[in-house]
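Undergrad: Before I ask anything, here is the structure I am working with.
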Number of protein chains: 2
Amino acid sequence: MPDTAIDPDFGFTSDELDPEKCPVRQVLAQVGGKWTVLILELLQHGPRRFNALGRAIPDISKRMLTQTLRDLERDGLVSREVFPTKPPSVQYALTPLGVDLMKAMGGLLDWAWTNFDKVKTARDVYDATP
Amino acid sequence: MPDTAIDPDFGFTSDELDPEKCPVRQVLAQVGGKWTVLILELLQHGPRRFNALGRAIPDISKRMLTQTLRDLERDGLVSREVFPTKPPSVQYALTPLGVDLMKAMGGLLDWAWTNFDKVKTARDVYDATP
DNA sequence: CTGAATCCCAAATGATACTG
DNA sequence: CAGTATCATTTGGGATTCAG
């Protein structure tokens with residue numbers, strides 16, 4: 001008998017919510033990073049170099065810029081190309097998979113721009129009620 | 001003169017990336033939480049009680065379930081209704097704003113289910129190359 | 001210019017016990 | 001049942017320094 005019990009309150013198998021197996025949890029763990037989407041958005045404008053990205057994001061450290069780009073490269077969302085100039089330059093760009101992801105994120109991003117004021121208002125109301 | 005300088009590499013004003021003012025960063029800080037989207041997805045099935053949500057998510061603690069629900073309520077995405085039965089029962093449900101957010105997230109969620117295997121493959125390839 | 005390595009702090013999360 | 005309170009732990013991220 002399978003160990004994928006079905007939750008009585010929902011229709012889900014436990015497998016579908018398993019942190020290791022649930023694609024939503026895995027993808028969101030990446031995309032939910034503090035800098036991930038910001039960098040992906042910038043790269044939608046075309047390939048950019050390391051420091052150009054750094055300058056565009058005022059409050060990111062080199063450490064996190066490097067690390068986030070590495071993670072994105074590892075996931076196949078961003079490509080990294082080194083030009084052996086002197087000094088060296090490195091260009092980052094969205095891969096087709098990355099472009100596709102950003103297309104899929106369009107709805108969420110639009111929602112954020114058009115509805116965040118409602119969220120802000122809700123917060124103010126909530127915080128105002130003792 | 002305004003302090004909203006324009007980045008030379010992109011067309012953005014610094015205001016648009018200001019962590020406090022950028023809706024995308026604000027919304028993602030919430031949605032990117034470890035449990036947020038999971039709970040919102042469950043509530044798409046209809047209103048549910050505290051422990052039903054807890055049972056459906058195998059590895060969440062009561063502490064984080066409470067906190068995430070509070071944050072969602074504060075943001076106007078989830079409603080909370082207390083029934084003074086004995087013992088008490090509390091029902092959580094998506095608000096219209098929450099329903100709307102989940103609609104906007106549809107593209108991303110679909111992408112996760114259909115493309116995560118590609119991400120996994122990319123990871124394996126990346127990790128295999130020394 | 002593009003990182004890697006290290007140290008360190010703050011925040012997020014988990015574990016457990018207690019309560020109306 | 002639906003939390004709260006407290007403590008312990010893990011993780012994310014910043015600052016700094018060094019290197020090809």
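The values are calculated or read from the model by the stated rules, or taken from the named source; none is laboratory data. Everything quoted here is computed from the prediction, not taken from an experiment. Every residue, glycine as well, gets a Cβ built from its backbone with ideal geometry; the counts of neighbours run over all protein chains shown. Accessible surface areas use protein heavy atoms only, side chains included; no ligands, DNA or RNA. Shrake-Rupley method; radii C 1.70, N 1.55, O 1.52, S 1.80 Å.
Undergrad: Would you mind checking A:Lys34/B:Lys118; A:Lys103/B:Lys34; B:Lys62/B:Lys120; A:Lys21/A:Lys62; A:Lys62/B:Lys21; A:Lys62/B:Lys62 for any pair whose Cα atoms are more than 28 angstrom apart?
TA: Among A:Lys34/B:Lys118; A:Lys103/B:Lys34; B:Lys62/B:Lys120; A:Lys21/A:Lys62; A:Lys62/B:Lys21; A:Lys62/B:Lys62, the Cα-Cα distance tops 28 Å for B:Lys62/B:Lys120; A:Lys21/A:Lys62; A:Lys62/B:Lys62.
Undergrad: In addition: Calculate the FRET efficiency for B:Thr13 and A:Ile6 from the Cβ-Cβ distance with a Förster distance of 51 Å, rounded to the nearest 0.05.
TA: 0.50
Undergrad: For the protein assembly as shown, what is the accessible area per residue in Å² when the probe is 1.4 Å?
TA: It amounts to 54 Å² per residue over the protein assembly as shown.
Undergrad: Hey, rough spin-label estimate for B:Arg70 and B:Gln91, points 7 angstrom out along Cα→Cβ, what's it come to in nanometres?
TA: Taking the simple label geometry, B:Arg70 and B:Gln91 are separated by 2.4 nm.
Undergrad: Okay, next question. Evaluate the Debye formula for the stretch B:50-130 with equal point scatterers sitting on the alpha carbons, no solvent, and hand back log10 of I(q)/I(0) at q = 0.21 Å⁻¹, in q order, two decimals.
TA: -1.05
Undergrad: So for the stretch B:10-85, what are the equivalent ellipsoid semi-axes in whole Å, largest first, each being the square root of 5 times an eigenvalue of the Cα gyration tensor?
TA: 31, 13, 10
Undergrad: If I take the rotation axis that carries chain A onto chain B, which residue of chain A has the nearest beta-carbon, and at how many angstrom?
TA: Spelled out, residue of A and its Cβ distance from the axis onto B: A:Gly32, 1.
Undergrad: In peptide B:58-65, how many Cβ atoms from other protein chains are near each Cβ within 10 Å, on average?
TA: Average per residue, whole number: 1.
Undergrad: Then there is this: Taking a label point 7 Å from Cα toward Cβ, how far is B:Thr13 from its twins in the other copies, in nm, shortest first?
TA: Shortest to longest, the spacings are 5.2 nm.
Undergrad: Please average, across the residues of B:90-98, the number of beta carbons from any other chain that are within 10 Å of each residue's own beta carbon, and give a whole number.
TA: 1
Undergrad: List the distances, in nm and shortest first, from the label point of B:Ala93 to the matching label points in every other copy, placing each point 7 Å from Cα along the Cα-to-Cβ direction.
TA: 5.1
Undergrad: For an R0 of 51 angstrom, estimate the FRET efficiency from the Cβ-Cβ distance between B:Lys118 and A:Asp117 and round to the nearest 0.05.
TA: 0.90
Undergrad: What number comes out for the charge environment of B:His45, summing +1 per Lys or Arg and -1 per Asp or Glu over other residues with Cβ under 11 Å away?
TA: Once positives and negatives cancel, what remains is -2.
Undergrad: Averaged across B:73-83, how many Cβ atoms of other chains sit within 10 Å of each residue's Cβ atom?
TA: So the per-residue partner count for this stretch is 3.
Undergrad: Another question, if that's okay. For the protein assembly as shown, what are Rg and Dmax over the alpha carbons, in angstrom?
TA: For the protein assembly as shown, the Cα radius of gyration and maximum Cα-Cα distance read 20.4, 75 Å.
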